[in-house]
1. I need the full set of residues from the range 139-172 which are touching a Ser or Thr at 6+ places or on another chain (Cβ under 7 Å) and surrounded by fewer than 22 Cβ atoms within 10 Å (Cβ to Cβ), in order please.
2. One residue is enough: does the range 92-101 have a residue meeting the conditions surrounded by 23 or more Cβ atoms within 10 Å (Cβ to Cβ), touching a residue at least 24 places away in the same chain (Cβ under 8 Å) and of a type in the set (A, V, I, L, M, F, W, C)?
3. Of all residues in the range 87-106 being assigned to a loop (DSSP other than H, G, I, E, B) and modelled with pLDDT under 90, which is nearest to Ala47 (Cα to Cα)?
4. Give just the number: which of (1) touching a residue at least 12 places away in the same chain (Cβ under 8 Å); (2) more than 28 Å from Cys295 (Cβ to Cβ) does Arg414 not satisfy?
5. Looking only at the range 219-234, decide whether some residue is under 18 Å from the mean Cα position of the chain (by Cα), closer than 29 Å to Leu326 by Cα and among the β-branched types (Val, Ile, Thr).
6. I'd like the residue in the range 215-245 that is at pLDDT 95 or above and in contact with a strand residue (DSSP E or B) (Cβ under 8 Å, 6 or more places away or on another chain) and, out of all such residues, is surrounded by the most Cβ atoms within 10 Å (Cβ to Cβ).
7. With Glu354, Glu331 as the choices, which residue is over 19 Å from Leu381 (Cβ atoms) and either in contact (Cβ under 8 Å) with a residue 24 or more places away in the chain or crowded, with 18+ Cβ neighbours inside 10 Å (or both)?
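The values are calculated or read from the model by the stated rules, or taken from the named source; none is laboratory data. Note that the structure is a prediction, hence the values are computed from the model and not measured. Cβ sites come from the backbone with ideal geometry, for glycine too, and all protein chains shown count toward neighbours.
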Amino acid sequence: MATKGAILRFGVRQFGKLGLYWPLVDMMARAIVEIDADGSTRPAISARPEGDKRRTLLALSPDRFRGDLRVLAGTGAYRVLMVPFEWQTRLIFTFRPTSTPVLHFYDPPANSPAARHKTVLHQYLRGFLASLYRRLGVDAVLSAGVHYRRDYDWGAASAQIGVPFVILHRECFNASPGARRENLERWRAMGRFAGSLIIVHNDVVKQGLLESGFAREQEVTALGCLRMDRFVARVAAAAAPEADRKRAVFYSFPHGSGILDLIWSDGKRTGFEQLFNRSHAAFAEFARAHPETDCVLALKWGGNWHDKLRTAFQAGGIDPAGIPNLRILDEPDVQALSFSADVICGFNSTTLLEAGIIGKPIVIPVFAEADDAHWGEFVKLRDAFDAFDIATSPEQLKTHLSARLTDPYVDADRLARRRALFETWVSSLDGDATDKYARAISAQIDAAMPRRAAAA
């Protein structure tokens, strides 16, 4: 018996051959929602009301923007719509098999099956998206990553019909030789950018995109990070936290932190597996030895991350249930947690730069694979270790945490160094990224208007 998905794929292809897009346009439009600055959503269904002067942005893979969409909605200049992930992937993978090699989504070999699939998909998308965009009044399409294969065809086809495809590229912390090398290799293999504009956080990533040949000068700009404007303002106004108990926070990291296409050890590549195991065990041991201190282990997500933690704890003979002052949190509000912390530990994360400009003592574990000749090239900020406390062993990690709870002072030179690092890698301390992004996106929409008018 045919599955619902198979029936939908057959129907999409057949209607496409006839140039009939309205059945899928109707279903898709009813699934798309508008997001407000507070994160609430409501059905979009149709174009903006009469008299509404906002431009309409359609976000692909919306769960990947980490608050940027709410920031754009909060400007009052944009109506921000979101495509449900399952609808987006269902459409794309109707035409392009999931078994297609990843890089063939961008620049498939001539006359290959992937090239033929791409041609058919783009032909369908041009008709379908033109109809969908008329219905919803879409002015530009957004993605959160140049390498998101599920977004790329949709965006490229949008650009082909005169609707700007703008990528707000999030993964910009290339602060290690390994990260810069791997990203340069990937961008080179992706061919040429098929959209309108790539907005990145810093000049290092901009130069890498240009050097790779993936983008041209007019197609990439470095404007900082949208969601940091409010944070920077909060840092300037923040007072020292008042609490009855001290708090130590460890921002957990996966085995593949800073390594392209690796999250957890996969049998072929280990990444920072031993660093993960030994540093997390040391943090739990620190919590057990300091019952007067609240110790928080913050995870980016739950699920299999907890399995990896159990492995680390078991190897160290630790039962976290027997440490009442140790809390493990999934997807916490990282910025709020940093403000409330007395000392912070982490590895290869921009979270350390955010906490750094607050003036918190920061301990970075650098041992196990971090000292290895192979994996060591993926350790970020190595040339800036003077701005932090570096632990070269699990014992030193515990010692630094304990000492910094007693003496959290960060001197002016270190703080100045951290502020410079934040501006180099993350965003301007002027807090003006939102204005820059709004001008850049609106300029793309304005530039595309003559072409769209001629096509209409």
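1. Filtering the range 139-172 for residues touching a Ser or Thr at 6+ places or on another chain (Cβ under 7 Å) gives 139, 141, 143-144, 148, 150-151, 155, 159, 164-167.
The answer is Ala144, Tyr148, Arg150, Ala159.
2. Keep residues of the range 92-101 that are surrounded by 23 or more Cβ atoms within 10 Å (Cβ to Cβ), which gives none.
So far as the range 92-101 goes, no, none of its residues is surrounded by 23 or more Cβ atoms within 10 Å (Cβ to Cβ), touching a residue at least 24 places away in the same chain (Cβ under 8 Å) and of a type in the set (A, V, I, L, M, F, W, C).
3. Residues of the range 87-106 assigned to a loop (DSSP other than H, G, I, E, B): 96-101, 106.
Now drop any that are not modelled with pLDDT under 90, which leaves 96-101.
Values: Arg96: 30, Pro97: 32, Thr98: 33, Ser99: 36, Thr100: 35, Pro101: 37 Å.
If we take residues in the range 87-106 being assigned to a loop (DSSP other than H, G, I, E, B) and modelled with pLDDT under 90, then Arg96 is nearest to Ala47 (Cα to Cα).
4. (2)
5. No, every residue in the range 219-234 fails to be under 18 Å from the mean Cα position of the chain (by Cα), closer than 29 Å to Leu326 by Cα and among the β-branched types (Val, Ile, Thr).
6. Leu226
7. Numbers: Glu354 fails: over 19 Å from Leu381 (Cβ atoms).
When all the criteria are applied, what remains is Glu331.
Quick grid of which residues meet (1) over 22 Å from Ser427 (Cβ atoms); (2) out of contact with any helix residue (DSSP H, G or I) (no Cβ under 8 Å at 6 or more places or on another chain); (3) in the same structural domain as Ser257 (by TED's automatic domain parsing):
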site: Pro291; (1), (2), (3): yes, yes, yes
site: Ala321; (1), (2), (3): yes, yes, yes
site: Arg327; (1), (2), (3): yes, yes, yes
site: Phe339; (1), (2), (3): no, no, yes
site: Asp342; (1), (2), (3): yes, no, yes
site: Ile357; (1), (2), (3): no, no, yes
site: Leu381; (1), (2), (3): no, no, yes
